[in-house]
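**Student:** If you scroll down you'll find the structure; I have some questions about it.
The values are calculated or read from the model by the stated rules, or taken from the named source; none is laboratory data. The structure presented is a predicted model; accordingly, all values stated were derived computationally and were not measured. Glycine also receives a Cβ, built like all others from the backbone with ideal geometry; neighbour counts cover every protein chain displayed.
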Amino acid sequence: QVQLVESRGGLVQAGGSLRLSCVASGSIFSLGVMGWYRQAPGKQRELVASITSRGTTNYAGSVKGRFTISRDNAKNTVYLQMNSLKPEDTAVYYCNADGSDAIIRKYFEVWGQGTLVTVSS
């Protein structure tokens, strides 16, 4: 099995910064796209940013220019650097990854447990 473990979120003031990390572990042969999603109260889960194994990135329009996604393939880790945070960034942030397992090369997609980020005004 493959698991994703996210770093703890937290409370930050508007305009502040926060960095999230997510480590994949388990029976991994290769990781494909890794990404961050978020879900605010009463809203649907939405994509924040994603990054392919070659480093191609994709961002939601609402975070472009403020958030940066990166990954360390050697460590099976993806990061989300969040700058100039706004109260509307308050949400539970979820890590997501797909790839193939090391045993039978079966495709998998997994989610982290979620971490709460609260931005105060």
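**Student:** Please report, ordered by residue number, the strands (runs of 3 or more DSSP E) entirely within segment 3-96 with at least 2 residues that are without any contact (Cβ under 8 Å) to a residue 24 or more places away in the chain.
**Tutor:** 46-51, 57-59, 67-72
**Student:** Another question about this same structure. I'm told Gly42 meets every condition in (1) within 11 Å of the chain's Cα centre (by Cα); (2) more than 20 Å from Asn83 (Cα to Cα); (3) of a type outside the set (A, V, I, L, M, F, W, C) except one. Can you identify the failing condition by its number?
**Tutor:** Failing condition for Gly42: (1).
**Student:** Out of all the residues in segment 1-39, which are of a type in the set (S, T, N, Q) and within 13 Å of the chain's Cα centre (by Cα)?
**Tutor:** If the condition is that a residue be of a type in the set (S, T, N, Q) and within 13 Å of the chain's Cα centre (by Cα), then Ser7, Ser21, Gln39 are the ones that fit.
**Student:** So, in segment 93-107, how many residues would count as being out of contact with any Ser or Thr (no Cβ under 7 Å at 6 or more places or on another chain) and either among the acidic types (Asp, Glu) or modelled with pLDDT of 95 or more (or both)?
**Tutor:** 5
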